[in-house]
1. Among the listed residues Ile55, Ile68, identify the single one that is under 26 Å from the mean Cα position of the chain (by Cα) and at pLDDT 95 or above.
2. With Arg139, Arg168 as the choices, which residue is open to solvent by 30 Å² or more (accessible area, probe 1.4 Å), touching a residue at least 60 places away in the same chain (Cβ under 8 Å), more than 10 Å from the ligand (Cβ to nearest atom) and assigned to a helix (DSSP H, G or I)?
3. Quickly run through segment 317-331 and pick out the residues that are of a type in the set (A, V, I, L, M) and within 9 Å of the ligand (Cβ to nearest atom).
4. Filter segment 209-263 down to the residues that are assigned to a loop (DSSP other than H, G, I, E, B), within 30 Å of Leu89 (Cβ to Cβ) and open to solvent by less than 20 Å² (accessible area, probe 1.4 Å) and list them by number.
5. Under 21 Å from the mean Cα position of the chain (by Cα) and small (Gly, Ala, Ser), is that true of Gly196?
6. For segment 331-347, what are the residues that are under 27 Å from Ala204 (Cβ atoms) and open to solvent by 10 Å² or more (accessible area, probe 1.4 Å)?
7. Among all residue pairs at least 6 apart or on different chains, which show Cβ distances below 9 Å where the first residue, located in segment 366-394, is more than 11 Å from the ligand (Cβ to nearest atom) and among the aromatic types (Phe, Trp, Tyr) and the second is in a loop (DSSP other than H, G, I, E, B) and open to solvent by 10 Å² or more (accessible area, probe 1.4 Å)?
8. Give the residue that is nearest to Met385 (Cα to Cα), with candidates limited to residues of segment 171-208 that are among the polar types (S, T, N, Q) and open to solvent by less than 10 Å² (accessible area, probe 1.4 Å).
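The values are calculated or read from the model by the stated rules, or taken from the named source; none is laboratory data. Note that the coordinates shown come from a computational prediction; the quantities given were computed from them, not determined experimentally. No Cβ is skipped: glycine too gets one built from the backbone with ideal geometry, and neighbour counts run over all protein chains shown. Ligands, DNA and RNA are excluded from the accessible area calculation, which covers all protein heavy atoms including side chains. Shrake-Rupley method; radii C 1.70, N 1.55, O 1.52, S 1.80 Å.
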Amino acid sequence: MKDIMDSIKEKDPDQKEFHQAVMEVVDSVKPVLDRNPQYRKANILARITEPERTIIFRVPWMDDRGDIHVNRGFRIEMNSAIGPYKGGLRFHPSVNLSILKFLAFEQMFKNALTTLPLGGGKGGSDFDPKGKSDNEVMRFCQSFMCELFRHVGANTDVPAGDIGVGAREIGFLFGMYKKLSNEFTGVLTGKSLNWGGSLIRPEATGFGCVYFASEMLSTAGESMEGKYCLISGSGNVAQYTAEKVLDLGGKVLTLSDSSGYIYDEKGIDRKKLAFVKKLKNVKRGRIKEYADKYKDAVYTDRDQRVAYNPLWDHKADCAFPSATENEINHIDAEHLVKNGVRLVCEGANMPTTPGGVTVFQDAGIFYAPAKASNAGGVAVSGLEMAQNSMRISWPRKEVDQRLQFIMKSIHQACVDVAEEYGTPGNYVNGANIAGFIKVVDAMLDQGLV
Ligand code: NDP
């Protein structure tokens, strides 16, 4: 196993996020390899850590002034052992191969956990939609799809949204795909409702995350009722996490964006959440404006020189990191534990550093890794694909029930597998091992390809 890590680091020394994601899985699956010598014989770790295909392309586009810009586009087709590649597109200046390979690697296991036939992929661009006009975003998306369209397809690779890619971007991407391929197929998920989208898809990641948290609490005979919650981010995942926390009787104290965070002692209720949705999804404003409107709330600027994020330093019961990777380091984790937080459920992908994870596990609190707790989004994307193939759409209640059932199944799989491998209550091991076994067994069945 050390050889595998050394070889990955030697091949791609700068891909730190990818190394971090692989290391976590490799740590968990050691007992699985010990019990199953056929995996070692098949050199499965080397095979599973190398993407099946990596596509990098130029994306030229013109801004409203007529100036020409060039961004870089990516698609990582990580693993198709159990279904077509599936995973979101991220548009953010921080996007690079390391970030996308870590996301695609995580996605492969997450998708396996959903019980649906979905392989793993991820893509995106270092393009920043922030501050761009709708027309500029449209021209960028069209140029991006002009290359991507030859690599994707309803039965090949089905991208979705992620950071910086919401309903607007999916619409522009789909429009260009349809024009180029002359086909109306479910090549993207997260589509708008009136042209092939699924009910509950926008809500799915946030709702699913809170369903997962409820399942964890129920093992201790508790519920979300009356729980004080810290949430980071104010995008898709954060908004619907907040909504479901409110539905289940909890109280939401914080939200953030990359500039800073708001703390509302009185709680972010439905009316205030509606304001946030409009602010972020329509006006594309900053979270600071919340504190301008609601005077009880305090806004704090993000100070990058400080080694911790003060958002995580408030008294609460539960934390839902829902912004981005590595947003909780070991100091933040210590603050959370010190402040009485007993449950951390990840909405964002890999938001906790390895040091932070150790703090949670040593403290013995409930800790759900993203690949289990945020799988609701891709699960409903899988349901969107199924509805598109059948040319039907299920009612809201039906999709929500399926989502709840899937989150319950993922939770149970994590609990059972963690116990089977001698680490009861360790959701990291449970998720990594359950996802890993499903993918590698399929790879072995399909031979050396
Ligand atoms: P959005 O773009 O809708 O929102 C992202 C939020 O996080 C924004 O508030 C953004 O602030 C903030 N943010 C982004 N980058 C940073 C950063 N470097 N530091 C601080 N804050 C940051 O994205 P989503 O809500 O869709 O995604 C959030 C997380 O959830 C990501 O990790 C994503 O991979 C994960 N995820 C999303 C799924 C989905 O269905 N959407 C599915 C599974 C996982 P600002 O506006 O300032 O950029």
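1. Working: Ile68 fails: under 26 Å from the mean Cα position of the chain (by Cα).
So the residue among Ile55, Ile68 that is under 26 Å from the mean Cα position of the chain (by Cα) and at pLDDT 95 or above is Ile55.
2. Checking each option against the conditions leaves just Arg139.
3. Of all residues in segment 317-331, those of a type in the set (A, V, I, L, M) come to 319, 323, 328, 331.
Answer for segment 317-331, where residues must be of a type in the set (A, V, I, L, M) and within 9 Å of the ligand (Cβ to nearest atom): just Ala323.
4. So in segment 209-263, the residues assigned to a loop (DSSP other than H, G, I, E, B) come out as 219-227, 232-235, 248-250, 253, 258-259.
Now drop any that are not within 30 Å of Leu89 (Cβ to Cβ), which leaves 232-235, 258-259.
Matches in segment 209-263: Ser232, Gly233, Ser234.
5. Numbers: under 21 Å from the mean Cα position of the chain (by Cα): no; small (Gly, Ala, Ser): yes.
Here the answer is no, as Gly196 does not meet what is asked.
6. Within segment 331-347, just Arg342 meets the criteria.
7. Final answer for the pair search is Phe366/Thr219; Phe366/Ala220; Phe366/Arg342; Phe366/Gly425; Tyr367/Asn426; Trp394/Leu199.
8. Quick first cut of segment 171-208, residues among the polar types (S, T, N, Q) only: 181-182, 185, 189, 192, 194, 198, 205.
So of that shortlist, the ones also open to solvent by less than 10 Å² (accessible area, probe 1.4 Å) come out as 189, 198.
Details: Thr189: 7, Ser198: 9 Å.
Here the answer is Thr189.
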